[in-house]
Amino acid sequence: MRLFIAIPLPKRVKQKLLDLQQPIDGMRWQPQEQMHLTLKFVGDVDKTTASELRGELDNIVHPDFTMTIAGIGYFPEGKQPKVVWAGIKKNENLQELHQKVEGRCEKMGIAPENRSYKPHITLGRTKNTSKRAVTSFIKQHKKFAITDTPVSKFVLYESKLHPDGARHQRLQTYVLKTGE
């Protein structure tokens with residue numbers, strides 16, 4: 001099973017992200033049902049590990065919060081664009097939630113990410129798309145922002161690869177809650 005942990009986005013937020021889409025040669029825009037904010041890409045695990053992970057994630061205690069989606073960019077930075085994304089303004093609550101998820105995964109022997117966490121929402125993937133077209137799109141939307149985006153849950157997803165792209169299935173939803 002190929003798993004990842006992510007924050008689902010409210011419909012109004014997805015709609016604003018969809019409204020950014022425009023024809024760009026070689027750009028494959030992310031469909032609405034695949035828009036999310038990844039906390040942790042787990043990768044391939046067996047069913048036993050997946051079941052244990054469900055239980056570990058259930059132990060996370062974290063309050064709900066809001067975040068601001070702001071700015072458009074691409075990966076890899078400075079090179080030929082492969083992924084175009086919407087960024088997330090620095091948010092301590094989001095960083096703490098990411099660290100809690102990472103900690104639970106590490107406890108189970110799931111390797112931590114070897115690069116720093118850069119929260120983003122994938123808008124599209126490029127294939128032979130000119131860097132100029134991508135940078136022009138980014139400049140056109142440099143003031144893009146969605147404030148007060150509520151975060152009240154996160155989800156363990158299974159990602160199934162298909163010729164037309166990945167399909168994501170919710171395995172379990174975790175409601176953010178304050179302990180004590």
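All of the numbers you see were taken from the coordinates with simple rules; none came from a lab. Keep in mind it's a predicted model, so treat the numbers as computed, not measured. Here the Cβ positions follow ideal geometry from the backbone for every residue, glycine too, while neighbour counts run over all protein chains shown.
Brief remarks follow.
- Filtered GluC sites (Glu not before Pro), region 1-92: DSSP coil and at most 13 other beta carbons within 10 Å: Glu77
- Residue order, fewest to most surrounding Cβ atoms within 10 angstrom, among Arg132, Arg167: Arg132, Arg167
- Tilt relative to the chain, helix 47-58 - C-alpha long axis, 0 to 90 degrees, to 10: 90
- Counting only alpha carbon atoms, the long axis of helix 92-107 and the longest principal axis of the chain meet at about 60°.
- Restraint check, Lys14/Lys177; Lys16/Lys100; Lys40/Lys177; Lys16/Lys160; Lys16/Lys40; Lys14/Lys79, Cα-Cα greater than 22 Å: Lys14/Lys177; Lys16/Lys100; Lys16/Lys160; Lys16/Lys40; Lys14/Lys79
- All Cα pairs of region 5-125, percent lying beyond 22 Å: 42
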